[in-house]
Amino acid sequence: MEFAPIIRAPAAMDARIFADQPMGLRCTLLALPLSGRFQYDGEKNVLFLNFEKLEVSTLEDVEAIRHNVEKICEPIGHKVFAIVNYHDFELARSVEDAYLDMVRDVVARYYVGVSRYTTSSFMRAKLGAALEDRQTAPHIFESAQEAYASLGR
């Protein structure tokens, strides 16, 4: 039996190599896919948003988060509690306003209450002040346990 040689086309080069902006490799290599960052516990009526090591750098990123929250919350038919993990979260200054406006919108439409946490004191201060400026619950806890416990208050 004779086998024909397998001829493969060379893999296309990633266009990010030639761009003038960062390639976003951290997000590609380390991060969960965005859809895997949202988990709803129907028994406890809690939506968990795992934004650990998430980079939000474009308006498309902001809208993708909004879309994922809507996709989960719309069919539920009532407001849920939310817990958001902001550990090692990165928010580009260029989309900060759009992100915070999106947060205010989903909080008003879908959440009974929301707790946030991160071990970064810098992120707690920065995000807390920005949320407070938008009349959105600004307190950010240091641990998941503190954030979860605050939902019962």
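The values are calculated or read from the model by the stated rules, or taken from the named source; none is laboratory data. This is a predicted model, so every value here is computed, not measured. Neighbour counts run over all protein chains shown; Cβ positions are idealised from the backbone, glycine included.
Condition first: in contact with a helix residue (DSSP H, G or I) (Cβ under 7 Å, 6 or more places away or on another chain) and either over 22 Å from residue 104 (Cβ atoms) or modelled with pLDDT of 70 or more (or both). Now tell me which residues in region 116-130 satisfy that.
Once the filter is applied, which keeps residues that are in contact with a helix residue (DSSP H, G or I) (Cβ under 7 Å, 6 or more places away or on another chain) and either over 22 Å from residue 104 (Cβ atoms) or modelled with pLDDT of 70 or more (or both), region 116-130 yields 116, 117, 118.
Which one of these is touching a residue at least 24 places away in the same chain (Cβ under 8 Å) and at positive phi: 101, 105, 88, 61?
When all the criteria are applied, what remains is 88.
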